[in-house]
Amino acid sequence: MVSILRNISHTFCSFLAADEHPKVLVQDWWKDGQTQRQVKAAVEQVLDEDLPDSYGRILFKKKSDNVFNLIVDFAVQGKKWVA
C-alpha cells in the first residue's frame with residue numbers, strides 16, 4: 001500500500017510539473033467535482049499499472065475507491081503526505 005501511495009504521489013507531482021496551471025492538489029480540491037474526478041482518474045491509472053492482473057473489475061473498483069477515499073480524508077484533515 002505504501003508503494004502504491006508513493007506512485008500516486010509521483011503521478012500527481014509529474015502532473016503538476018507538466019502543467020503551468022495545476023488543476024489537482026490545489027487548496028480545497030476535494031470540494032470541486034471536476035478536480036475530484038481528475039484525482040480519482042490518477043488513482044485508477046496508478047492502480048491499473050501497479051495492482052496484479054488477478055484483480056477483477058469489482059475488486060479493482062473497491063480498491064481504487066478505498067485509496068481515493070483515503071486521499072480525500074487526508075486532504076480534508078490537512079495531512080500533507082503528497083509533497
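Within region 40-51, does at least one residue satisfy the condition of being acidic (Asp, Glu), at pLDDT below 90 and either in contact with a strand residue (DSSP E or B) (Cβ under 9 Å, 6 or more places away or on another chain) or outside any helix (DSSP H, G or I) (or both)? Scanning region 40-51 turns up no residue that is acidic (Asp, Glu), at pLDDT below 90 and either in contact with a strand residue (DSSP E or B) (Cβ under 9 Å, 6 or more places away or on another chain) or outside any helix (DSSP H, G or I) (or both). Do you know which residues across region 28-56 are of a type in the set (S, T, N, Q) and surrounded by 14 or more Cβ atoms within 10 Å (Cβ to Cβ)? Once the filter is applied, which keeps residues that are of a type in the set (S, T, N, Q) and surrounded by 14 or more Cβ atoms within 10 Å (Cβ to Cβ), region 28-56 yields Thr35, Gln36, Gln38, Gln45.
Of Ala83, Ala17, which residue is modelled with pLDDT under 90, part of a helix (DSSP H, G or I), among the small types (Gly, Ala, Ser) and out of contact with any Lys or Arg (no Cβ under 9 Å at 6 or more places or on another chain)?
On the way: Ala83 fails: part of a helix (DSSP H, G or I).
That would be Ala17, the only listed residue that is modelled with pLDDT under 90, part of a helix (DSSP H, G or I), among the small types (Gly, Ala, Ser) and out of contact with any Lys or Arg (no Cβ under 9 Å at 6 or more places or on another chain).
Annotation note: Cβ proximity below 8 Å between a residue of region 61-73 that is modelled with pLDDT under 90 and a residue that is part of a helix (DSSP H, G or I) (sequence gap 6+ or interchain) occurs for Ile71/Ile8; Ile71/Val39; Ile71/Val43. Here Val26 meets the list (1) closer than 17 Å to Lys79 by Cα; (2) modelled with pLDDT of 85 or more; (3) not charged (D, E, K, R) almost entirely, failing just condition (2). Applying the criterion of being surrounded by 14 or more Cβ atoms within 10 Å (Cβ to Cβ) and among the small types (Gly, Ala, Ser) to the residues of region 57-83, the residue that is farthest from Trp29 (Cα to Cα) is Ser64.
The values are calculated or read from the model by the stated rules, or taken from the named source; none is laboratory data. Being a predicted model, the structure only gives us computed values, none of them experimental. Neighbour counts are summed over all protein chains in view; Cβ atoms, including those assigned to glycine, are modelled from backbone coordinates with ideal geometry.
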